[in-house]
Amino acid sequence: MTKRNAQKRIQWLRHLTPHRDESLAGFLGRWARENVMASRINLLNTLGISRAIRLPAVELPQLASFLQLEATVLASIAPATEPMRAVLRRSFTRPDSEAVCPQCLAETSYSRQLWSHCLATACAVHGARLLDHCHQCGDSIRHTRPLPHLCDCGADLRVQTTTQASSTELDFSSLLMGEHPKGSSFPLFMGGGVPAEIDLYVLGLANHFCASDGKLLAKAGKLPLPKSVEQAVERLDPLFELLSDWPHRFDARLKKMIEAVPVVATTGAAARHGRWFFFLFRKYTQDAFHPVRVAAANRITASHDGQLNARSNSIQSIATVEKQWFSVKEAAIELRVSTERINDGIDSYLISASIHDEAVHYRQRFLSREEIQRLKQVQFEHITDTDARNILNVPKSVYSLMCEAGWIMHSDPSDTAPVVSGHVQHVPLLGLIERLRRFARDNKDRKIVASIPMRELSFRRTTNRPRLIGLFRAIAAGELTPVDHDEHLSIGELMFAQDEVDQRIASWFVERGLTLQQVSAMMGAHYDAVKSWVDLGVLPASREPLEQGEPWVVDVRDLVEFLQTYAPLARQAKSCRSSSRGLMSRLESLGVTPVASEDGGRGQLVKLSDMFTALKAVKVNDGA
């Protein structure tokens, strides 16, 4: 009888629809029985369809047409090469028998899809271990038995007992069905649903990471599939135990595998560590498996595995633990220096590194996280002279005196790792700065008539270098403390009592006269203004060859005569609450011509006699 004739002539007594979780073989057996046929095989022979449990996909539409069903109805329960749910994987379908749940059969007598999957060992509904051998005859429970709940020997499977399955087995059965497990035995992310490859993935994990007689198993597909529930339990139980106490046991196993000496020297990560590397990071990239990838990436990152660290940036980006080993290039980025400087430090034994040369043509250096942290501390502890001067907020001349006074300590470049830009010791300098600031805060309420900022304690105040250096040493020792400060506690702007400073450098006041710095301080005028008076010839001064630097010296009598003859325009303007330019304009209108410096800058003077004459004329005119 041809297929076309069968389709035309057979009039079915009953039309059935499959249960959602019913197996195709079980549904066809039920169809045959309801339509008074001997068995599923008899039905398929009648229709001219293959009687294999793993029915070819090309014959499904024909079978659906014969049964007068939509093709999608049979496709939803038929084993497939790329199924939507793992339970329908064609290659994992038991070809001759199935493992049943007696309690399920007692409730409804039909064959479930899960019972045909070779990795299924438990019923997630009743928590029972599946039964694949009849207790009465000891034979396998075959697909061809007369009824779902009867063995070929006639024994009632519904009354046969079975053992309790583990919680992990129950969760795995739910995953095979494409359902979220009730427990949390598996470290998977199920936000996007259960992947259909879950059975392939779990079997692959078992084959890659679970030892057998001390040896790792082959990759998935290289070993025969379990032929019984007992074999499936033996294959999966070691994996389930490995996944418990997540991720510690898995991490310990992977650590042992990673840190084992490779049999063959090579630079390829997958070749060195086996197919598990490709399996975890390349083959199964679904989001559900991301937690396992993270655990593996964390172990790779934590272990001293140079080749992986240097060549697998994508793995490092997955890891959630701190990176423990850095290549020279990565260390240079971390420390913001060139790779040449890192290599120079390693060559001079100032930087500790681990050198990998397992492959004949491959050699790479790696720095530990501890070494990177140590080098960062070295960088913090050393700064440049420019940085130190900016921190102190003083000019170069004052900074030079501070260096001579011992304020600035330098490290020996030959003993310092070449990751620094300067060799000024930062920490001692910060300690000195904090001590000076504390002195300034403690002395804030002192009443001082006149004060001098630290940034002006230079050769403008004296040319006696030894006394200036001694002054800074006294400040560093706390013998001379600041009496005031600005809001930022800037070191250059810390103020010192002028009389205390003068006592430290008393040799400034000598019989021969006053330095220009002293004149500037006494008159409240800028040093450049005083110097312009000397250059103009109105304030007599001479060089003192016996003093260091041959400073300009003004005789006291000459200074008195100068003050009796001239008045600084800036000082007069301040007393009149005016500006120098405004006062000069007013004096010129009265016929008084100021005595200006050659460059027209600071230091403009007015003769006192001219001012008195002008004031007298104004008084006479007002009286008239």
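The values are calculated or read from the model by the stated rules, or taken from the named source; none is laboratory data. Not measured: the values here are computed from a predicted model. Methodologically, a virtual Cβ is constructed for each residue, glycine included, from the backbone with ideal geometry; neighbour enumeration extends over all protein chains shown. Areas reflect the complete protein model, heavy atoms only, side chains present, ligands, DNA and RNA absent. Shrake-Rupley method; radii C 1.70, N 1.55, O 1.52, S 1.80 Å.
Out of the DSSP beta bridges found with both residues in the chain, what percent are antiparallel (nearest 5)? All intermediate terms of the calculation are to be shown ahead of the outcome.
Working: 33 of 34 bridges.
Looking only at bridges with both residues in the chain, the antiparallel portion is about 95 percent.
Note on the chain: with neighbouring protein chains present and a 1.4 Å probe, carbon and sulfur make up 50 percent of its accessible heavy-atom surface. Shown here is the pair-distance distribution of the chain: with all Cα-Cα distances grouped in 20 Å bins from zero up to the longest one, the shares run 14, 25, 17, 14, 14, 11, 5, 0 percent. Among the cysteines of the chain, those whose beta-carbon sits 4.7 Å or more from every other cysteine beta-carbon are Cys118, Cys210, Cys403, Cys576. With the simple model of a label 7 Å out from the Cα in the direction of the Cβ, Asp96 to Gln373 spans 6.3 nm.
Out of every Cα-Cα pair in segment 51-208, what percent are more than 29 Å apart? Result for the distance tail: 21 percent. Taking the helices alone, the chain has a mean residue ellipticity at 222 nm of -12500 deg cm²/dmol, built from -39,500 (n - 2.57) per DSSP H run of at least 4 residues and averaged over all its residues.
Once you list every other residue whose beta carbon is under 13 Å from the beta carbon of Cys134, what net charge do they have if Lys and Arg are +1 and Asp and Glu are -1?
On the way: positive: Arg142, Arg145, Arg158; negative: Glu98, Asp132, Asp139, Asp152, Asp156.
Within the 13 Å Cβ shell, the charges total -2.
Note on Asn35 and Leu536: the model spin-label points, each 7 Å out from Cα along the C-beta direction, lie 12.6 nm apart. Solvent exposure of segment 43-142 amounts to 40 Å² per residue of accessible area, where only protein heavy atoms count and the probe is 1.4 Å. Measuring r between the beta carbons of Val595 and Arg557 and using R0 = 22 Å, the FRET efficiency lands at 0.60.
Quick check: residue separation of Cys153 and Met190 times 0.36 nm, minus the Cα distance between them. What number comes out in nm?
My answer for the length gained is 9.0 nm.
The calculated FRET efficiency for the pair His15 and Asp237, based on their C-beta separation and a Förster distance of 51 Å, comes to about 0.70. How large is log10 of I(q)/I(0) for segment 310-446 at q = 0.11 Å⁻¹ when the intensity is taken from the Debye formula with one equal scatterer per alpha-carbon? Log-scaled intensity ratios, in q order: -0.56. When the pairs Lys227/Lys255; Lys447/Lys531; Lys396/Lys447; Lys255/Lys329 are compared against a 28 Å limit on Cα-Cα distance, Lys227/Lys255; Lys447/Lys531; Lys396/Lys447 fall above it.
Using a probe of 1.4 Å, the accessible surface attributed to Ser314 totals some 60 Å² when neighbouring protein chains are kept in position.
For the chain, what's the relative contact order in percent, using C-alpha pairs closer than 8 Å and at least 6 residues apart? Mind dumping the intermediate values first?
Values: 889 pairs, mean separation 38.5, N = 624.
Relative contact order here is 6 percent.
Annotation: peptides 445-457, 334-346, ranked by per-residue average of other Cβ atoms within 10 Å with the highest first, follow the order 334-346, 445-457. Here's the picture: charge each Lys and Arg Cβ at +1 and each Asp and Glu Cβ at -1 in the chain, and of Thr46, Leu430, Leu236 the one pushed furthest to the positive end of that dipole is Thr46.
Relative to the longest principal axis of the Cα atoms of the chain, helix 369-380 runs at roughly 20 degrees.
Shown in residue order for segment 334-339 are the 3J(HN,Hα) couplings computed by the Karplus curve 6.51 cos²θ - 1.76 cosθ + 1.60 at θ = phi - 60°: 4, 8, 6, 9, 7, 5 Hz (x for Gly and Pro).
The aspartates and glutamates within cross-link reach of Lys182, meaning a Cα-to-Cα straight distance under 20 Å and a gap of 8 or more places when in the same chain, are Asp21, Glu169, Asp171, Glu197, Asp199, Asp237, Glu241, Asp245, Asp287.
To the nearest µm²/s, what D does Stokes-Einstein give for segment 6-124 at 25 °C and 0.890 mPa s, using the Kirkwood radius over alpha carbon pairs as Rh? Using the Kirkwood radius from Cα pairs, D works out to 167 µm²/s.
Computed from backbone phi, the HN-Hα couplings of segment 607-617 come to 5, 5, 5, 5, 5, 4, 4, 5, 5, 5, 5 Hz, rounded to whole numbers (Karplus: 6.51 cos²θ - 1.76 cosθ + 1.60, θ = phi - 60°; Gly and Pro given as x). Its relative contact order, with pairs defined as Cα atoms under 8 Å and 6+ residues apart, puts segment 84-209 at 28 percent. Rolling a 1.4 angstrom probe over the protein heavy atoms with all chains in place gives segment 428-536 an accessible area of 48 Å² per residue. For the pair Arg51 and Ala252, label points projected 7 Å from Cα toward Cβ lie 5.3 nm apart.
Across segment 403-410, coupling constants 3J(HN,Hα) worked out from phi with the 6.51/-1.76/1.60 Karplus curve, θ = phi - 60°, read 4, 5, 7, x, 5, 9, 10, 10 Hz, and Gly and Pro carry x.
Across segment 1-134, Cα pairs under 8 Å and at least six residues apart give a relative contact order of 23 percent. Simple rule: put +1 on each Lys or Arg Cβ and -1 on each Asp or Glu Cβ in the chain, find the dipole, and look at Ile351, Gly192, Ser76; the Cα lying farthest toward the positive end is Ser76.
Annotation: Ile198 carries an accessible surface of approximately 0 Å², with a 1.4 Å probe and no ligand, DNA or RNA atoms counted.
Every Cα-Cα pair of segment 127-180 was included, and the share exceeding 15 Å stands at 54 percent.
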